[in-house]
């Protein structure tokens, strides 16, 4: 009788352990499934394709080395085309149908912020490496970790630099999506702290191509500097048109400006523009982790990567997967979502190679507040001017 009770208890214990393991989807004996949604098509496709390629290249490296604690990583990716509705549908599918263990990269702020309640309800970990909007972690979410500096840190860096250049009457033009609105709020707040007021605020819609009306109003405001909070291709057009209407003042941009697409769109008008940059090295750097990544990207595209590649989003996506893999490694041989979160919270000054080192704690999931400053030089290329 006692032996039967012990056998029954052992069976129940084993079933309980199996049930506990089964409660966290996406983990089998052979692999761990990771989900990603991103704009692979549409006006912000540079962001999504950069991140997808980077994550896949990093996964190939991890898997070639035997995976993480004996398991290979498998990525499932959906295109949201920069649409919040498509993003919600994609993430629901990743969680409910594909049963992924965790999420990585994400999308633009407008297609990432609406996902936050879904992530919190599902209690699924998410390592973000595109959206810089402060609201991603305000209020704090224990399931979300950001791999690079947010819009507040970027604005702090740009404005600190601009104030040292003598800026006193700044103006801003910004896109009407969450990235632009968040940037305008961050810039305004930082200038208020410095007791400086914006003399003009001009907003535009992402599909706009003619910014002359906004720029002429800025010219009439008497501004001595212009801040452009937009993605790179639009920023380039804005800067070119700003020079055409006679705006000769210094121009500054947020992190979304500092990709290779900006100098291409702005042409000679872009020379001298300064922007925040969320990585310690430029994509063309000879720094070994960046150079190695660049060669692997070239191989992926038979030697001819798409225009504007690699970009800062390549470097961010690659770094995010390295952070992700390190967290999994520390979570042990039988990872759960909770153990993965706890493991990520032990990372201190973890260097993924292509982005600034990150530190996470139980109460702080903003991995870094560091960013560099870059300027378009006379050769019409970005160069780092101040770290």
Just name the residue that is farthest from residue 348 (Cα to Cα) out of those in the range 156-166 that are surrounded by 21 or more Cβ atoms within 10 Å (Cβ to Cβ) and either in the same structural domain as residue 127 (by TED's automatic domain parsing) or in contact with a strand residue (DSSP E or B) (Cβ under 6 Å, 6 or more places away or on another chain) (or both).
-> 162
Residue list for the range 197-223, restricted to those being in contact with a strand residue (DSSP E or B) (Cβ under 7 Å, 6 or more places away or on another chain) and either part of a loop (DSSP other than H, G, I, E, B) or farther than 18 Å from residue 249 by Cβ (or both) | 198, 199, 203, 204, 206, 211, 223
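Tell me, yes or no, whether the range 148-161 has at least one residue that is in a strand (DSSP E or B) and under 22 Å from residue 248 (Cβ atoms). Write out each step before concluding.
Here is the first cut: in the range 148-161, the residues in a strand (DSSP E or B) are none.
Among the residues of the range 148-161, not one is in a strand (DSSP E or B) and under 22 Å from residue 248 (Cβ atoms), which makes the answer no.
Among 227, 191, 231, which is the only one that is within 22 Å of residue 159 (Cα to Cα), modelled with pLDDT under 95 and in the same structural domain as residue 270 (by TED's automatic domain parsing)?
Numbers: 227 fails: modelled with pLDDT under 95; 191 fails: modelled with pLDDT under 95.
Exactly one of 227, 191, 231 is within 22 Å of residue 159 (Cα to Cα), modelled with pLDDT under 95 and in the same structural domain as residue 270 (by TED's automatic domain parsing), namely 231.
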If we keep just the residues of the range 342-363 that are without any contact (Cβ under 8 Å) to a residue 24 or more places away in the chain and under 13 Å from residue 149 (Cβ atoms), which is surrounded by the most Cβ atoms within 10 Å (Cβ to Cβ)?
-> 357
Checking 261, 321 in turn, the sole residue that is farther than 30 Å from residue 164 by Cα and touching a helix residue (DSSP H, G or I) at 6+ places or on another chain (Cβ under 7 Å) turns out to be 321
Residue count, the range 79-124 (criterion: in contact with a strand residue (DSSP E or B) (Cβ under 6 Å, 6 or more places away or on another chain) and in a helix (DSSP H, G or I)) | 5
Among the numbered criteria (1) touching a helix residue (DSSP H, G or I) at 6+ places or on another chain (Cβ under 8 Å); (2) in a loop (DSSP other than H, G, I, E, B); (3) assigned by TED's automatic domain parsing to the domain that holds residue 35, which single criterion is violated by residue 302?
-> (1)
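Taking the stated definitions as given, is residue 83 touching a helix residue (DSSP H, G or I) at 6+ places or on another chain (Cβ under 8 Å) and crowded, with 24+ Cβ neighbours inside 10 Å?
No: the conditions fail for residue 83.
The values are calculated or read from the model by the stated rules, or taken from the named source; none is laboratory data. Because the structure is predicted, anything quoted here is derived from the model rather than measured. So basically every Cβ, Gly included, is an ideal-geometry build from the backbone, and we count neighbours across all protein chains shown.
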